[in-house]
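Engineer: First the structure, which I've put down as structure tokens, then a few questions once you've had a look.
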Amino acid sequence: MSGFQLAQVQAERYEATTSRFMDGSAALLAASAAIQPGDSVLDLACGTGLLARHAWRAATPGGRVVGTDINPAMLAVAERVGPQGIEWVEAPAHSQPFPDSSFDHVLCQQGLQFVPDAATAITECLRVLRPGGVLRATIWATGGRTPYIETQLELLAMLDARLFPSLRVAAPDDGAGVLAGWAREAGRADTTIDLIEHEVAIADLRTFVFEQTLSTPWGPTIEQLPDEQRREFVDGLVDELEPYRGADGVHRLPFAAFRLDITSL
């Protein structure tokens, strides 16, 4: 049902490591929605709840925030680390268990590309939005804009060619065009696509690379490698990102995503 399924230990690692760069884009996505106290927000494909937590801070007091995902391990972590009051629901993106016009905002961070039918998921998001509500969804921007993700996926594909299809799904070429295409399939050509960017400082990139990769669906591939091949993978990624290392040894890495906005009619 999804290309991003994690076991419990991976979900814990995701919250500890991948959140380092996902949280920055989550903050930007939530801010772009201009959520007000009392608003209702759906975080689609919520993972461990990073975006939902930003939405909760903006929507309280008086608001409602719901995070949905099909991965029970991710939801378990989200419930453990998130504030009381956020609702966590196991549900697929194409079939949300809510009445029509339930939410003021629907947000989806790096989730639509893993949904088997993104156009149907968009239609479902628009169904649960109130008239005038906005669906905002992001997908990684490639072409050198997000070097950590791009290099990581390239090296993983070199390790195991069988991973290539799922890796391409994670960060497709022409993300803006992909988002626009899904919207057209959903019958909506009146969309806005913007680029959002932020920077992440990582002091110990070598350790981070290994731990963060273990928190992805491709983590088992890394865990099963001989020690020498693991080191080659980590060394290769660190070497490629050398231009982003400052004199203090800290890597300051750019991350960028395309954001799709569609207003419910």
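The values are calculated or read from the model by the stated rules, or taken from the named source; none is laboratory data. Everything numeric in this text was worked out from a predicted model, so none of it was measured. Note that each Cβ is placed from the backbone with ideal geometry, even for glycine, and that neighbours are counted across all protein chains shown. The area values use the complete protein model at the heavy-atom level, side chains included, leaving out ligands, DNA and RNA. Shrake-Rupley method; radii C 1.70, N 1.55, O 1.52, S 1.80 Å.
Engineer: Between a first residue in the stretch 237-265 that is closer than 16 Å to His198 by Cβ and a second residue that is of a type in the set (Ser, Thr, Tyr) and part of a strand (DSSP E or B), which pairs have beta carbons less than 7 Å apart while being 6 or more apart in sequence or on different chains?
Structural biologist: Ala257/Thr138; Phe258/Thr138; Arg259/Thr138
Engineer: Can you tell me which residues in the stretch 167-182 are buried (at least 17 other Cβ atoms within 10 Å of the Cβ) and modelled with pLDDT under 90?
Structural biologist: Across the stretch 167-182, the qualifying residue is only Leu167.
Engineer: Of the residues Thr120, Thr151, which is touching a residue at least 24 places away in the same chain (Cβ under 8 Å) and either within 30 Å of Gly187 (Cβ to Cβ) or in a strand (DSSP E or B) (or both)?
Structural biologist: Thr120
Engineer: Out of Glu150, Glu211, Glu185, Glu199, which single residue is over 29 Å from Leu42 (Cβ atoms) and open to solvent by 60 Å² or more (accessible area, probe 1.4 Å)?
Structural biologist: Only one candidate passes the filter, namely Glu211.
Engineer: Identify all residues within the stretch 66-83 that are part of a strand (DSSP E or B) and under 10 Å from Trp56 (Cα atoms); write none if there are none.
Structural biologist: Correct list: Val66 only.
Engineer: Can you tell me which condition Gln8 does not meet? The list is (1) closer than 24 Å to Tyr148 by Cα; (2) open to solvent by 20 Å² or more (accessible area, probe 1.4 Å); (3) touching a residue at least 40 places away in the same chain (Cβ under 8 Å), and all the others hold.
Structural biologist: Failing condition for Gln8: (1).
Engineer: Additional query: Restricting to the stretch 16-43, name every residue that is in contact (Cβ under 8 Å) with a residue 40 or more places away in the chain and farther than 19 Å from His198 by Cβ.
Structural biologist: Matches in the stretch 16-43: Ala16, Asp39, Ser40, Val41, Leu42.
Rundown of residues vs (1) surrounded by fewer than 23 Cβ atoms within 10 Å (Cβ to Cβ); (2) more than 16 Å from the chain's Cα centre (by Cα); (3) more than 24 Å from Thr123 (Cα to Cα); (4) not basic (Lys, Arg), yes/no style:
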{"position": "Gly38", "(1), (2), (3), (4)": "yes, yes, yes, yes"}
{"position": "Asp43", "(1), (2), (3), (4)": "no, no, no, yes"}
{"position": "Gly49", "(1), (2), (3), (4)": "no, no, no, yes"}
{"position": "Ala58", "(1), (2), (3), (4)": "yes, yes, yes, yes"}
{"position": "Gln84", "(1), (2), (3), (4)": "yes, yes, yes, yes"}
{"position": "Glu90", "(1), (2), (3), (4)": "yes, yes, no, yes"}
{"position": "Gln96", "(1), (2), (3), (4)": "yes, yes, no, yes"}
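Engineer: A further question on this structure: Name the pairs: first residue in the stretch 169-195 and within 16 Å of Ala257 (Cβ to Cβ), second residue among the basic types (Lys, Arg) and outside any helix (DSSP H, G or I), Cβ to Cβ under 7 Å, at least 6 apart or on different chains?
Structural biologist: Pairs that qualify, where the first residue is within 16 Å of Ala257 (Cβ to Cβ) and the partner is among the basic types (Lys, Arg) and outside any helix (DSSP H, G or I), are Ile193/Arg259; Asp194/Arg259.
Engineer: Next question, about the same structure. Take the conditions of a type in the set (Gly, Ala, Ser), closer than 30 Å to Gly63 by Cα and out of contact with any Asp or Glu (no Cβ under 7 Å at 6 or more places or on another chain) and apply them to Ala121. Does it pass?
Structural biologist: yes
Engineer: Moving on. Is it the case that Gly133 is open to solvent by less than 20 Å² (accessible area, probe 1.4 Å) and closer than 14 Å to Cys46 by Cβ?
Structural biologist: No; evaluated as a whole, the condition is false for this residue.
Engineer: Restricting to the stretch 146-180, name every residue that is among the polar types (S, T, N, Q), within 15 Å of Gln212 (Cα to Cα) and touching a strand residue (DSSP E or B) at 6+ places or on another chain (Cβ under 8 Å).
Structural biologist: Correct list: empty.
Engineer: Would you mind stating whether Ala247 is in a loop (DSSP other than H, G, I, E, B) and not acidic (Asp, Glu)?
Structural biologist: Spelling it out, Ala247 is indeed in a loop (DSSP other than H, G, I, E, B) and not acidic (Asp, Glu).
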